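Notes to accompany the following structure.
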Amino acid sequence: MLAATAASADPLRIATFNTELSRAGPGLLLRDLAKGSDPKISAVMRLLANVSADVIVLQGIDYDLDGTTLGAFADVLGESGPVYPHRFALPPNAGRPTGLDMDGDGQTGGARDGQGYGRFFGAGAMAILSRHPVIDTGVQDHTAFLWRDLPDALLPRTKNGPFPSDAVQQVQRLASHGAWVVPIAIPDQPPVTLLTFYATPPVFDGPEDRNGKRNHDEILFWDHYLAGTFGPPPNKRVVLLGDANLDPTKGEGLKVAIQTLLDHPALQDPLADQPTVTFDSLGDMRVDYLLPSTDWRVVASGVARDPAASRHGVVWADLDR
């Protein structure tokens, strides 16, 4: 799968991968990286070494304020795989305390009562590893964007009114993990701009369909972004990528959201209909996406899989000017 013949001397390999390495508490992933004996971590490292992307967006990496865990992850990977001197992460919504009953179960302080699901702040967050530097002055972090501020937001309601409460909807952020615009400086070329996110699964809720509607709106945020709703978007050398947690045809969720991005006139889909994950109950599904803007020439693309590493595969594409 990775042996596709390149048609360009210097294509840029971009990838996204849900590692599923999040642990049950803060610091535990760092501990396991330091031990060096976890077979799942070892399988993740082998898979990433095989793909050897120039820039990779990761999900399922526990966040800490000092970047210690991400740094340790990159250092372990660099021992036998690609070296990534540039490591990027921002504070996520996963596990961010609110003090409110965010899921309507009558209690506060649970994993579902943060701005995004998380047993602790930073659980299973997003990160970027890159051979090339991030242009910090161009980064846009939309993680704090409020759900109610999205045009035509599908805010959940019941016969009693806003679900779970109006107070929650006044402070509820849209992104369950994060929503980033990250430009990367490429030598002798214009920058590449990553649009990346990690949406909530459209399940684990009730008849109000809170998670299904949030998943829909997390995905459609990018349709609004590309339309210029939040200011002039980048119009060249863009890659929209991440874990949307939504298959175009299979499983639960509001399919129109992901189909809108797949049909977007500014984007192309080099991996149409290729599954990216295998779930025990549903089998093969497509939930991870890498959609370059149409000005890119896609030299090669694929999904690299290893069940010992993650249920998800590494979705990658080689892009040329």
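Only the coordinates and a few stated rules stand behind these numbers; no lab work does. None of the values given here were measured: they were computed from a predicted structure. Cβ sites come from the backbone with ideal geometry, for glycine too, and all protein chains shown count toward neighbours.
For the chain, modelled as a GNM with alpha-carbon contacts under 10 angstrom, which of Pro307, Pro92, Pro202 fluctuates the most? Result for the chain, Cα springs under 10 Å: Pro307 fluctuates most. For the range 1-106, the Cβ-based charge dipole about the Cα centre amounts to some 300 debye (Lys, Arg positive; Asp, Glu negative; other atoms uncharged). Helix 210-226 and the long axis of the chain differ in direction by around 50°, with both axes built from C-alpha atoms.
Positive end of the dipole of the range 1-142 (Cβ unit charges, origin at the Cα centre): among Gly104, Ala43, Thr19, the Cα lying farthest that way belongs to Ala43.
If you plug the beta carbon distance of Ser37 and Ser281 into 1/(1 + (r/R0)^6) with R0 = 45 Å, you get a FRET efficiency near 0.90. In plain terms, the C-alpha convex hull of the range 1-93 casts an average shadow of 6.9 nm² when viewed from every direction. One quarter of the surface of the convex hull around the alpha-carbon atoms of the range 202-248 equals 4.2 nm², the direction-averaged projected area.
Peptides 63-71, 227-235, 279-287, 116-124, ordered by how many other C-beta atoms sit within 10 Å of their residues on average, highest first, read 116-124, 63-71, 279-287, 227-235.
Across the alpha-carbon atoms of the range 73-181, the computed radius of gyration and Dmax are 17.3, 57 angstrom.
Note on Glu208 and Ala24: the model spin-label points, each 7 Å out from Cα along the C-beta direction, lie 3.0 nm apart. For a straight C-alpha distance cut-off of 15 angstrom, the aspartates and glutamates reachable from Lys213 (same-chain residues fewer than eight places away being disregarded) are Asp103, Asp149, Asp152, Asp205, Asp247, Glu252. If the segment from Leu90 to Asp66 were pulled out straight at 0.36 nm per residue, it would be longer than the present Cα-Cα gap by 7.6 nm. Projected over all directions and averaged, the alpha-carbon convex hull of the range 135-249 occupies 8.4 nm².
Stretching the chain fully between Lys236 and Gln189 yields a gain of 15.7 nm (0.36 nm per residue, less the alpha carbon separation).
A viscosity of 1.567 mPa s and a temperature of 4 °C, combined with the Kirkwood radius over C-alpha pairs in the Stokes-Einstein formula, give the range 184-321 a diffusion coefficient of 82 µm²/s. Spin-label model, Ser52 to Ser80: label points 7 Å out along the Cα-to-beta-carbon direction sit 1.5 nm apart.
Here each label is just a point 7 Å from Cα along the line to Cβ, and for Asp295 and Ala144 those points are 3.1 nm apart.
Taking a straight line from the alpha carbon of Lys40, not one of the lysines sits under 27 Å away once near neighbours fewer than eight places off in the same chain are left out. Peptides 131-137, 243-249 ranked from most to least packed by the mean count of surrounding Cβ atoms within 10 Å: 243-249, 131-137. Taking Ser293, Ser37, Ser165 in turn, the Gaussian network model of the chain (Cα-Cα springs below 10 Å) assigns the largest fluctuation to Ser37.
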